[in-house]
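Peer 1: To start, I am sharing the structure in question, which I have written as structure tokens.
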Amino acid sequence: MSAMNDYTARARLFGGNRMKLGVMAFNCSHGSTITTVPEAWQLNWPDTREIAKMVDRAGMEALLPVGRWKGYGGPSNFNNCTFESFTWASAIGALTSYCTVLATVHVPLVHPLMAAKMAATIDHVTNGRFAMNVVCGWFKNEFDMFGAHMRPHDDRYKYATEWLDFVRRAWTEETEFDFDSESFHAKAVWSQPKPLQKPHPPIMNAGGSPAAQNFTTRYCDMNFVILKDRTSNASAAATRPPKSSPCRRSRGPWPRADR
């Protein structure tokens, strides 16, 4: 297959256009905008379906849902209504034919074998256009809903490393295997079919801490990089006291440096 006609996630995200475009967070009410205006994004399936088709026709590279289980409260109750990201990705993948479709997973809330199976299913539904965004920790109020333990910060990435090792083996081992680590103990593990993409679907992480960057460099294909506006930061520093609010920042998914 030529690069021109290769629509797999790896071809879309790591080849072709140097600048990648996509739309994110429209699996949640409000999208990424904390507001009470009446025209804010109201989550529903017909509009979600139309946005996905528009993005696909426009030739953008990615459709990225956020992982969210509960709103943030307050006047807007931001993100209080959400579509779960794996089932969302499977449905969106069946409606599109070009762009990469991602799912976002909180690794402490989903067993790695379940995540591996769902991801492989979506990779088949999309004909190899799936990628997975892993989140190692987030909103304590959501974790409390699951009775899940919120680990100390750096320990989350140790757990995520074991989690991803389990997922990758489920994606690649052709025979039954045992998996034994500090956090997981599984016997005679079997998972078929394997994902279409080889060696496996791309993996993304959005962490910005030193522990997160080390995790991303070693175990992921992409980091959702935080870019600071140094010009804005420098001018604001002259007029604000120390330890004021953070400077504005923008985010974008970029391939690893060795891609």
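Peer 1: Please work out which residue is modelled with the highest pLDDT, limiting yourself to region 56-96 and to residues that are of a type in the set (Ser, Thr, Tyr) and surrounded by fewer than 16 Cβ atoms within 10 Å (Cβ to Cβ).
Peer 2: Taking the candidates together, the pick is 87.
Peer 1: Within region 97-111, does at least one residue satisfy the condition of being in contact with a Cys (Cβ under 8 Å, 6 or more places away or on another chain), in contact (Cβ under 8 Å) with a residue 60 or more places away in the chain and surrounded by 20 or more Cβ atoms within 10 Å (Cβ to Cβ)?
Peer 2: Scanning region 97-111 turns up no residue that is in contact with a Cys (Cβ under 8 Å, 6 or more places away or on another chain), in contact (Cβ under 8 Å) with a residue 60 or more places away in the chain and surrounded by 20 or more Cβ atoms within 10 Å (Cβ to Cβ).
Peer 1: From the set of residues in region 129-149 that are surrounded by 14 or more Cβ atoms within 10 Å (Cβ to Cβ) and out of contact with any Pro (no Cβ under 8 Å at 6 or more places or on another chain), which is nearest to residue 8 (Cα to Cα)?
Peer 2: 129
Peer 1: Find the residue count for region 30-49, including only residues that are at pLDDT 95 or above and either among the small types (Gly, Ala, Ser) or at positive phi (or both).
Peer 2: Residues in region 30-49 being at pLDDT 95 or above and either among the small types (Gly, Ala, Ser) or at positive phi (or both): 0 in total.
Peer 1: Do any strands (runs of 3 or more DSSP E) lying entirely in region 104-214 carry at least 1 residues that are touching a Lys or Arg at 6+ places or on another chain (Cβ under 8 Å), hydrophobic (A, V, I, L, M, F, W, C) and farther than 26 Å from residue 23 by Cα, and which ones are they?
Peer 2: By residue number, 177-180, 185-189.
The values are calculated or read from the model by the stated rules, or taken from the named source; none is laboratory data. Just so you know, these numbers come straight off a predicted model, no measurement behind them. Counting neighbours? That spans all protein chains shown, and the Cβs are built from the backbone with ideal geometry, glycine included.
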